[in-house]
């Protein structure tokens with residue numbers, strides 16, 4: 001019996017103080033050899049079409065001033081989060097994307113690099129972003145404070161959004177699953193249907209959250225050009 005409901009997210013499996021649960025982050029690497037097949041499979045063709053679509057969309061978001069290959073980092077970010085979100089839906093696989101340790105590790109360096117690049121190379125452009133166009137002069141000091149705060153909390157909102165959405169679905173599945181042994185046969189079938197519907201919802205959430213994370217990171221990078 002667990003002491004705390006949130007203990008299901010604890011990375012407790014370890015050997016010699018080395019947490020093995022975080023190795024689930026690298027399980028997606030085992031899927032990479034499909035790309036190097038001489039004759040592409042259906043899975044490779046589907047994944048290539050997804051990445052090409054993302055490349056075109058991210059290139060549009062970044063704008064005409066983007067450098068060649070600048071979308072690759074965001075496609076890789078989407079792939080990493082998507083693999084981790086889906087792997088977390090399997091039994092006994094640790095969901096690393098539900099922890100701020102991973103999500104902040106992804107969002108904070110990206111945001112810092114965007115800010116350093118923008119303030120060093122496009123200082124005037126970054127100052128112009130502090131005051132939206134058409135702001136009355138009397139509101140300009142307040143708008144600078146509001147824009148500064150909203151800019152500072154961006155890595156936190158990116159990280160918390162992803163972690164909270166992954167935790168919420170897993171907690172709901174766990175709560176419903178724990179009520180199974182105490183139910184009678186007639187209501188157990190309803191629980192199974194509800195669990196399957198929730199799994200479908202969680203699969204959609206896994207895709208949507210990885211897409212939202214990558215798209216917002218792309219939008220943040222477009223503001224510093």
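Quick note: the coordinates plus some simple rules give every number you see, no bench work behind them. A quick note: this is a predicted structure, and the numbers were derived from the prediction, not measured. Cβ atoms come from the backbone with ideal geometry, glycine included; neighbour counts cover every protein chain shown.
Say each of residue 187 and residue 161 gets a label point 7 Å from the Cα, pointing the same way as Cα to Cβ; how far apart are those two points in nm?
Modelled inter-label distance: 3.8 nm.
Ignoring everything except DSSP H segments at least 4 long, calculate the 222 nm mean residue ellipticity for the chain; use -39,500 (n - 2.57) per segment, divide by total residues, nearest 500.
The per-residue figure over the chain is -22000 deg cm²/dmol.
Given R₀ = 30 Å, FRET efficiency for residue 208-residue 146 by Cβ-Cβ distance, to 0.05?
0.60
Over the Cα atoms of the chain, how large are the radius of gyration and the largest Cα-Cα distance (Dmax), in Å?
21.4, 69
Sort the following peptides by mean Cβ neighbour count (other Cβ atoms within 10 Å, averaged over residues), highest first: 21-27, 159-165, 139-145.
In decreasing order of mean packing, 21-27, 159-165, 139-145 become 159-165, 21-27, 139-145.
If you line up the long axis of helix 72-87 against the longest principal axis of the chain, both from Cα atoms, how many degrees apart are they, to the nearest 10?
20 degrees
What angle, in degrees between 0 and 90 and rounded to the nearest 10, separates the Cα long axis of helix 185-222 from the longest principal axis of the Cα atoms of the chain?
Computed tilt is about 20 degrees.
Hey, with R₀ at 41 Å, roughly what FRET efficiency would residue 90 and residue 113 work out to, going by the Cβ-Cβ distance, to 0.05?
0.80
Can you tell me the orientation of helix 42-62 relative to the chain, as the angle in degrees between its alpha-carbon axis and the longest Cα principal axis, to the nearest 10?
It is inclined by approximately 30 degrees.
Given the peptides 207-215, 40-48, arrange them by the average over their residues of other C-beta atoms within 10 Å, most packed first.
Answer by packing, highest mean first, reads 207-215, 40-48.
Using only Cα atoms, figure out Rg for region 111-189 and give it as a multiple of 2.2 N^0.38 Å.
Here the answer is 2.00, to two decimals.
Which three lengths, in whole Å and largest first, does region 66-147 cover when its Cα atoms are put on their principal axes?
Its Cα atoms span 57, 31, 19 Å along the three principal axes.
For a paramagnetic label modelled at 7 Å from the Cα of residue 53 toward its Cβ, which residues of region 73-88 fall within the zone defined by backbone nitrogen distances under 11 Å?
Those under the cut-off are none; the list is empty.
Could you tell me the distance between the Cα centroids of region 76-102 and region 152-168, to the nearest Å?
14 Å
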